[in-house]
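Participant: Below is one structure. I have some questions about it.
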Amino acid sequence: HFIKQDNTVMSYLKFKIFYISREMQYNNNNNPFALKQTQFYFVGIRHSSNQFWHFTILLIICFLQGWVLVGFPVSREQAIVLQEMGVAPDHVVILDAPDTVLIERNLGKRIDPFTEEVYHITFNWPEDPDKQGILREPEGLTEKATVTRLLEYRRESHGVQSSYKKICKVINADQPTVDVLSQVMTFVHSRHRSVAPYAPHILLYGPPGCGKNLQAAMIAEKYKIVDVSSGHLLKQATAAQTKIGEAVQSYVEQGQPVPDSMVLRCLEERLSKLDCITRGWVLHGFPRDIEQATLLEEKGFLMNRVFFMDVPDDAIIERLTLRTTDPVTGERYHSVYKPAPNSEVQARCQQNPKDSLEHVENELKVYHDHVTELGKFYQAVIHINADQDPHTVFEFIESSVLNPPVKRKAS
């Protein structure tokens, strides 16, 4: 996925990526999914509305083949719109040259009115006299118009470049095409270095009490990514008294599980926000079964790190059923790891109903019913022994996060 300004070298980039033109988009009789039959594509559209771009990029994401975007964005405002829609290129290539060279190149363009192929009177002139005779100047091609467009480009290009400064490279286009291509290909195949893992979309899955909340908080703090808990999102929606929060509250009051559709709606809204898009996220609490995992993936939220935090059942029971809370101070205690300071405090401590032996055993049964299926669904699962010191667990997670991401093959 990369953005390239200008299409000089596009015919050489034989990636399996998709071409969608504005003409195709606005033709209601054309089925865009028929494009799957073609071999090599790129996206090359100079100007269009935000709605058009939104739909176009969604199509490309559906194909899961990648894309090359030419001629857009042309301003910082448009770059921000792309980011807000979740469109994040891996590389941004800007082909540049002196103004005099660019003006000469533009004024020398000629177009075949039948095939729409582009020629140049100096660099790419056909040998066939008949072909020469039918070539025409592009409409509105004048020196004044060219200079005006160039001034507009110079005015806006710094904003585009600053929007992608960490993944952007300016390449001198005033050199042989082969040399330009070589530099573009070298850059496109390079990997960016960052303090955070590349495209951090991390899932923590495990039985209740395995330490998902703590590890997610530690990962988010270390790599400045977003900690996304499905349970916290539902509580926030309820507290904010939103429409979905009111619906969630009704299920909670009746002691019924919140429907997957409502949980997914909260997650989709949170994961689509700008901080999640630009910084990445660590998710826990959802999915809990293969149906939920499928729904999440269908929404386009794909994981590149999946950690299964393994803890024996007896250790989970010990962790949860021996927890109590002091209703006066709100302090939490554990009869083994952090006992109450005195008998008076111990006497008034209460147990959360969710920590009762019966409830914990039911939760463990649900976990064991789905863990094998989820492991097969995500394939590249990293199993962690979470029955040890939290910092030791974090060190193992961190070492796995820093390795190159593993991409699941499309089924």
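The values are calculated or read from the model by the stated rules, or taken from the named source; none is laboratory data. Owing to the predicted nature of the structure, the values given are computational and were not obtained by experimental measurement. Virtual Cβ from ideal backbone geometry, glycine too; neighbours counted across all protein chains shown.
Participant: Would you please name the residue that is farthest from Met218 (Cα to Cα), looking only at residues in the range 389-404 that are surrounded by 13 or more Cβ atoms within 10 Å (Cβ to Cβ) and in contact with a helix residue (DSSP H, G or I) (Cβ under 9 Å, 6 or more places away or on another chain)?
Facilitator: If we take residues in the range 389-404 being surrounded by 13 or more Cβ atoms within 10 Å (Cβ to Cβ) and in contact with a helix residue (DSSP H, G or I) (Cβ under 9 Å, 6 or more places away or on another chain), then Val401 is farthest from Met218 (Cα to Cα).
Participant: For the range 215-233, what are the residues that are in contact with a helix residue (DSSP H, G or I) (Cβ under 7 Å, 6 or more places away or on another chain), in a helix (DSSP H, G or I), under 27 Å from Glu246 (Cβ atoms) and of a type outside the set (Gly, Ala, Ser)?
Facilitator: Leu233 - this is the single residue of the range 215-233 that is in contact with a helix residue (DSSP H, G or I) (Cβ under 7 Å, 6 or more places away or on another chain), in a helix (DSSP H, G or I), under 27 Å from Glu246 (Cβ atoms) and of a type outside the set (Gly, Ala, Ser).
Participant: If Ala220 meets every condition in (1) assigned by the TED database to the domain that holds Tyr378; (2) loosely packed, with under 12 Cβ neighbours inside 10 Å apart from one, which number is that one?
Facilitator: Of everything listed in (1) assigned by the TED database to the domain that holds Tyr378; (2) loosely packed, with under 12 Cβ neighbours inside 10 Å, Ala220 misses just condition (2).
Participant: Related question: From the list Pro207, Pro113, pick out the single residue that is assigned to a loop (DSSP other than H, G, I, E, B) and out of contact with any His (no Cβ under 9 Å at 6 or more places or on another chain). I'd like the intermediate steps shown before the answer.
Facilitator: Numbers: Pro207 fails: out of contact with any His (no Cβ under 9 Å at 6 or more places or on another chain).
Just one listed residue meets the conditions, Pro113.
Here's the yes/no breakdown for (1) surrounded by 15 or more Cβ atoms within 10 Å (Cβ to Cβ); (2) within 30 Å of Val282 (Cα to Cα); (3) among the hydrophobic types (A, V, I, L, M, F, W, C); (4) over 31 Å from the mean Cα position of the chain (by Cα):
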| residue | (1), (2), (3), (4) |
| --- | --- |
| Pro98 | no, no, no, yes |
| Gly108 | yes, no, no, yes |
| Val118 | no, no, yes, yes |
| Phe123 | no, no, yes, yes |
| Ile134 | no, no, yes, yes |
| Gly140 | no, no, no, yes |
| Thr146 | yes, no, no, yes |
| Asn172 | no, no, no, no |
| Val178 | no, no, yes, yes |
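Participant: (1) within 26 Å of Asn304 (Cβ to Cβ); (2) over 24 Å from the mean Cα position of the chain (by Cα): which one isn't true of His189, the others all being true?
Facilitator: (2)
Participant: If you don't mind, there's one more thing I want to ask. Could you list all residues from the range 139-166 that are more than 19 Å from Phe72 (Cβ to Cβ) and assigned to a loop (DSSP other than H, G, I, E, B)?
Facilitator: Glu139, Gly140, Leu141, Thr142, Lys166
Participant: Collect the residues in the range 330-356 that are surrounded by 13 or more Cβ atoms within 10 Å (Cβ to Cβ), among the hydrophobic types (A, V, I, L, M, F, W, C) and assigned to a helix (DSSP H, G or I), keeping them in residue-number order.
Facilitator: Val345
Participant: Can you tell me which residue within the range 225-258, out of those that are closer than 30 Å to Val401 by Cβ and among the polar types (S, T, N, Q), is surrounded by the fewest Cβ atoms within 10 Å (Cβ to Cβ)?
Facilitator: Per the stated criteria, the residue is Gln236.
Participant: Another question, if that's okay. In the list Glu318, Glu398, which residue meets the criterion of being within 19 Å of Ile225 (Cβ to Cβ) and part of a helix (DSSP H, G or I)?
Facilitator: Values: Glu318 fails: within 19 Å of Ile225 (Cβ to Cβ).
One residue alone meets the criteria, Glu398.
Participant: Here is a further query. Assuming Tyr164 fulfils every condition listed in (1) free of Cβ contacts under 8 Å to residues at least 60 places away in the same chain; (2) over 28 Å from Lys109 (Cα atoms); (3) not aliphatic (A, V, I, L, M) apart from one, which condition is it?
Facilitator: (1)
Participant: Every residue in the range 311-329 that is charged (D, E, K, R), touching a residue at least 40 places away in the same chain (Cβ under 8 Å) and crowded, with 16+ Cβ neighbours inside 10 Å, please.
Facilitator: Arg319
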